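See structure below.
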Amino acid sequence: ENNKVLLKIEGLKVAYGGIQAVKGVSFEVREGELVSLIGANGAGKTTTLKAVTGIQPAAAGRIEYLGQEIRGRGAWNLVKQGLVMVPEGRGTFTRMTITENLQMGAYIRSDKEIASDMERIFTIFPRLKERRNQLAGTMSGGEQQMLAMGRALMTRPKLLLLDEPSMGLSPIMVDKIFEVVDDIHKQGVTVLLVEQNASRALQLANRGYVMESGEVTMSGEGMTLLNDPKVRAAYLGE
Ligand code: ATP
């Protein structure tokens, strides 16, 4: 792997009051990769993403994006630099239509390709096109997940952080979401994927990291981790 490092985390610590949620985590994501961060409930995966985007302040460590320390820079500035997160629970604008939500994603842009990007997103998610005038708040969980991903894509991200995109979705919708994550990656977007669905997340991943109780305990190529007996026993129910 000679691709340049987009995101480099070193010795990251995050606490909620007295609770140490992330205890010195280090990992990196290189340009063009899909990296999966897996682990049980409460392992600290979401907290790690929140620290990267500045939603939750880090207590210690370095967070470098494009070679620069970004701690304290604020989510908004990071979006402008191509670092975009799709949060757990999605966070769509429920009282706006699909089209309006997608337009919000392009809010930071002033180029002439917004309309063609929206068409591209409607090609990825035909369901959104069918319902483009429907209020986001009236859509199913899976549809809202698609919308949140579509809105993030409208920013033209370099690095997309996805927090549990499959959570709470029906099996068919889970298939669809993982298919789209794979497509987005293949179209050139670098992805950091946080998932409890370890099997699916590792199948798609170039590399993965396993988090346990706030620490990274294993790392390696996606397929290597997927076939690792310890990973299989702990996360794949074997
Ligand atoms: P999940 O998949 O369940 O979201 P996770 O690996 O993403 O799990 P986190 O959500 O990062 O885990 O949680 C890590 C630890 O931090 C947990 O013990 C959790 O209870 C705690 N925690 C998370 N958010 C808060 C908060 N706002 N206040 C206090 N403790 C929190």
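In this simple spin-label model, placing a label point 7 Å from the Cα along the Cα-to-Cβ direction at both Met104 and Glu215 gives a separation of 4.0 nm.
Evaluate the relative contact order of the chain (contact order divided by residue number), counting alpha-carbon pairs under 8 angstrom at least 6 apart; express in whole percent.
Working: 455 pairs, mean separation 64.4, N = 238.
Once normalised by length, the contact order is 27 percent.
Once you have a ≥ b ≥ c as the square roots of the Cα gyration tensor eigenvalues for the range 161-220, tell me rounded if a/c is under 1.5, and otherwise prolate or oblate according to whether a/b is larger than b/c. Verdict is oblate for the range 161-220. Relative to the longest principal axis of the Cα atoms of the chain, the long axis of helix 114-124 lies at roughly 70 degrees.
The mean of 1/r over all pairs of different alpha-carbon atoms in the range 1-135, once inverted, gives a Kirkwood hydrodynamic radius of 17.0 Å. Per the Debye calculation on the range 63-136 with a single equal scatterer at every Cα and no solvent contribution, log₁₀ I(q)/I(0) for q = 0.12, 0.13, 0.23 Å⁻¹ amounts to -0.43, -0.50, -1.14.
Add +1 for every Lys or Arg and -1 for every Asp or Glu among the other residues with Cβ under 12 Å from the Cβ of Gln103, and state the total. Don't jump to the answer; show the numbers that get you there.
Values: positive: Arg109, Arg132, Arg151; negative: Glu100, Asp117.
Residues near Gln103 contribute +1 overall.
Computed per residue of the chain from DSSP H runs no shorter than four, each worth -39500 (n - 2.57), the mean residue ellipticity at 222 nm is -10500 deg cm²/dmol.
Which is the longest run of the chain containing none of the chymotrypsin sites (Phe, Trp or Tyr not before Pro) found in DSSP loop states (not H, G, I, E, B) with at most 15 other C-beta atoms within 10 Å? Before the final figure, lay out the partial values.
Values: sites that count: Phe93, Tyr107.
Answer from the scan: 108-238.
Model label sites at Glu10 and Arg232, defined 7 Å from Cα along the beta-carbon direction, differ in position by 3.7 nm.
Given axes a ≥ b ≥ c from the Cα gyration tensor, I'd like to know whether the range 17-90 is rounded (a/c under 1.5), prolate (a/b larger than b/c) or oblate. It comes out rounded by the Cα gyration axes. Ordering Val174, Thr48, Ala115 by Cα displacement along the dipole of the chain toward the positive end leaves Ala115 in first place; charges were set at the Cβ atoms of Lys, Arg (+1) and Asp, Glu (-1). Max-minus-min Cα coordinates of the range 1-50 on each principal axis give 40, 20, 14 Å, with the largest extent listed first. Note on the chain: with charges restricted to the Cβ of Lys and Arg (+1) and Asp and Glu (-1), its dipole about the Cα centre is near 620 debye. For the options Glu88, Glu119, Glu212, a Gaussian network treatment of the chain with springs between C-alpha atoms closer than 10 Å singles out Glu119 as fluctuating the most. Computed on the Cα trace of the chain, the radius of gyration divided by the Kirkwood hydrodynamic radius gives Rg/Rh = 0.96. Where in the range 85-99 is the amide nitrogen less than 18 Å from a point lying 7 Å along the Cα-to-Cβ axis of Leu135? What the label zone holds, given the 18 Å backbone N cut-off, is 91-99. Note down the Stokes-Einstein diffusion coefficient of the range 126-169 in µm²/s, whole number, using a Kirkwood radius over alpha carbon pairs, 20 °C, and 1.002 mPa s. After rounding, the answer is 189 µm²/s. Excluding same-chain neighbours fewer than eight residues apart, the lysines reachable from Lys230 by a Cα-Cα span under 20 Å are Lys45.
Give, as a single signed number, the net charge of other residues whose beta carbon lies under 12 Å from the beta carbon of Glu64, with Lys and Arg counted +1 and Asp and Glu -1.
+2
Given that compact globular proteins tend to follow 2.2 N^0.38 Å, what is the ratio of the alpha-carbon Rg of the range 135-238 to that value? Don't jump to the answer; show the numbers that get you there.
Working: Rg = 14.5 Å, N = 104, 2.2 N^0.38 = 12.8 Å.
That ratio works out to 1.13.
Could you grab the relative contact order for the range 1-78? Cα pairs under 8 Å, six or more apart, rounded to a whole percent. Let's see the in-between values first.
Values: 135 pairs, mean separation 27.7, N = 78.
Computed value for the range 1-78: 36 percent relative contact order.
Shown here are the Rg and Dmax of the Cα trace of the range 95-188, at 12.6, 38 Å.
Since every read-out is calculated from the coordinates, none of them should be taken as a lab result. Bear in mind that the values here come from a model prediction, so they are computed numbers and not experimental data. For neighbour counting, all protein chains shown are included, and Cβ atoms are generated from backbone atoms with ideal geometry for every residue, glycine included.
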